[in-house]
Ligand code: 3PG
């Protein structure tokens, strides 16, 4: 795929699809990671005197102009981060957009209003994609987080304006794509989260590629049930127990070291204030539910991770938003950070855990993708990446 440096941007109108879908509370951005992640591309464009047109979605306004989904706060934040003014256009197509673009001088930036104020964006309507394309002479996709969506600004636009990968997209492709297609060994994947059904495709795709597969979080309970152990009132997907059993078998047949928790922190209710204690994996009693991996599991997992050359982590080890059940996830965050190999963390909860434990700077790559990083790990072709110019 073509990258930013392979095209001439100087003096050109450059359309950059970014993913500024950031969390907002009362109009204030609570986490600007996704904005910061685009700075290398934007600085390159500024240095090369491009006329920069930024487009993004925010939330899911479903084709309506709802003010709480305005991208205006992102323009202000970006301006602070770059130290240059960032103009804002009230619409992403039509008069307002065209006027704002016409006013751009070399090295100027404008952020267009939310693409999803138009339902044509998600419907990938060609006329809408063409209207966006018309604004620019050159196109860049730096929106990994939305590259799994075949939307007008991500996929449709490339039929009218060839798109190349920005630095952020290139980095995501190199790290996640590289882990999936050509991993270094020994390679470990740590998969957590509440439900097996959410991660089954990731597990199936990675199982033949990894040397160690660690399973934690609520989804581990279904595997514990598959081993025939009691699970008390723990979350178990009854209809996935057979599948879990076959994955255990498959791992064995392939010689993959599948690690399940050897102990749990169990509680008598789904609450941070519930009574809780540590029990072995085969010792969950009636009336108790597993809400975190126990201290022995944390050590087993950390020891298994230590010699790895490549680690991919997606999904928490327990109900980490409750302090009493966060230790397992925090311990895994620290174990991943301590690795001397390449480490890749994706998924909102795992990313939040590495940030909370203060080890984010020790991770090789923190993905800006939620659903996108999961689908990429599942081995799926992402429309936004497929559509890039060769
Ligand atoms: C995300 O937050 O995962 C991306 O911005 C995509 O958003 P969406 O799930 O609303 O398409």
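Here, each number is a calculation from the coordinates, and none is a lab measurement. This is a predicted model, so every value here is computed, not measured. Heads up, the Cβs are rebuilt from the backbone with ideal geometry, glycines too, and the neighbour counts pull from every protein chain shown.
Taking every DSSP beta bridge that has both ends in the chain, the antiparallel portion is near 20%.
By DSSP, the beta bridges lying fully in the stretch 175-377 are antiparallel in about 30 percent of cases. Where Rh is the Kirkwood radius over the Cα pairs of the stretch 175-377, the temperature 4 °C and the viscosity 1.567 mPa s, what D in µm²/s does Stokes-Einstein return? Estimated via Stokes-Einstein, D reaches 78 µm²/s. Computed from Cα atoms, the angle from the helix 241-254 axis to the main principal axis of the chain rounds to 90 degrees.
Among 317, 163, the ranking by other beta carbons within 10 Å of each residue's beta carbon, starting with the fewest, stands as 163, 317.
Rounded to the nearest 500, the helix-only mean residue ellipticity at 222 nm of the chain stands at -9000 deg cm²/dmol, with each DSSP H run of n ≥ 4 adding -39,500 (n - 2.57). Computed on the Cα trace of the stretch 4-167, the radius of gyration divided by the Kirkwood hydrodynamic radius gives Rg/Rh = 0.92.
On the beta carbon distance between residue 246 and residue 182, with R0 = 35 Å, the FRET formula returns roughly 0.80.
When DSSP beta bridges are restricted to pairs lying wholly in the stretch 182-298, around 55% turn out antiparallel. The packing ranking, built from the mean of other Cβ atoms within 10 Å per residue, places the peptides 303-309, 52-58, 166-172, 72-78 in the order 52-58, 166-172, 72-78, 303-309, highest first. For the chain, find the longest principal axis of its Cα atoms and tell me its angle to the long axis of helix 196-206, 0 to 90°, nearest 10. Here the helix axis deviates by roughly 80 degrees.
Sorted ascending by nearby beta carbons within 10 Å, beginning with the fewest, 199, 380 become 380, 199. Evaluated at q = 0.14, 0.23 Å⁻¹, a Debye calculation over the C-alpha positions of the stretch 237-292 (equal weights, vacuum) places log10 I(q)/I(0) at -0.51, -0.93. Site pair residue 257 and residue 174 shows an inter-label distance of 2.9 nm when each label is modelled 7 Å from Cα along Cα→Cβ. Spread over its residues, the convex hull of the C-alpha atoms of the chain is 139 Å³ per residue. Run the paramagnetic zone check for residue 340: 7 angstrom along Cα to Cβ, then residues of the stretch 184-200 with backbone nitrogen under 14 Å. Within reach of a label on residue 340: 186. Neighbour counts of C-beta atoms inside 10 Å place 273, 268 in the sequence 273, 268, starting with the fewest. Relative to the longest principal axis of the Cα atoms of the chain, helix 295-305 runs at roughly 60 degrees.
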